[in-house]
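Engineer: Take a look at the following structure, please.
No value in this document is a laboratory result; all are computed from the given coordinates. It should be emphasised that the depicted structure is a prediction, and the values quoted were computed from it without experimental measurement. In this analysis, Cβ positions are derived from the backbone assuming ideal geometry, glycine residues included, and neighbour counts consider all displayed protein chains.
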């Protein structure tokens, strides 16, 4: 696959938003200060019912703003799939994905530039809402299907850390990778979609996390540091999707002959325990436990569904646009 040069001007930001008009305004304001600037910004409005439409109508950016308004909320995975498809259709060479609850740092694209000729899937570092480094350094353990934190300073001896997962809060990916891997699987809705997508990318291309800060989170989240990992606050929908989507992850692992039934079962048990611990330690509640169990049962249905198919690539084996 050809990797576009670092000097390519066809970097498209792809943002998915839902009912966070004020946060979206802050993000768009920060994008206006990017130097160098991207070629365009694609905002997927996931059927917002607040003032998001007004924010987008009033936005004044020094680059093209393309709004993709969806008739229904299709979640983060569906939103990013729609936005990435639109960016590809508009001629993007690179797609920089992000949620609506961050702002970009002015020199972010300059920080990425030295790495864009070496890697086709990149992540930069993030600050949290208080301006402290945000913890994100994980690897997917294929035996259990659980993404495990890597402790310590992964940049102590190198300015790049190779991982096998992704985060849609800041992933920069070459258009050719997306065409070969396919769009994010919209069935995930949210939670685990980016992790799985990054793992799929890592089966063919290196996925890099670089020692350069490019984003700052603007939505404060309650969290606890348990020493072995961080736990952020969640929601009942996220809990349900997180457990259910293990069914989709299992199917992708099966597809690549990486699935271990006993190990994955152990991972599902550990994931459920993590969610229950999150409820107690972070949210001081147990009311979401029913959603964990409901998601677990839904995952089993997916795991045994004979009609399940993977998200197709956008290129056929000969490299032509189309289905796989």
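Engineer: Could you give the length gained by full extension between residue 255 and residue 33, i.e. 0.36 nm per residue of separation minus their alpha carbon distance, to one decimal place?
Structural biologist: Between residue 255 and residue 33, full extension yields 75.6 nm more.
Engineer: Which value in nm describes the separation of the simple spin-label points at residue 58 and residue 236, placed 7 Å from the Cα toward the beta carbon?
Structural biologist: 3.4
Engineer: Still on this structure, please answer the following. Using every Cα-Cα pair within the chain, state what percent have a distance larger than 32 Å.
Structural biologist: 25
Engineer: Which residues among segment 138-169 fall inside the zone where the amide N is under 14 Å from a point 7 Å beyond the Cα of residue 262, along Cα→Cβ?
Structural biologist: 143-144
Engineer: Once the piece of chain linking residue 294 and residue 274 is laid out straight, how much longer is it, given 0.36 nm per residue of separation minus the C-alpha distance between them?
Structural biologist: 5.7 nm
Engineer: Starting with the highest mean, order 244-257, 293-306, 180-193 by the number of other Cβ atoms within 10 Å, averaged over the residues of each peptide.
Structural biologist: The most tightly packed comes first, giving 180-193, 244-257, 293-306.
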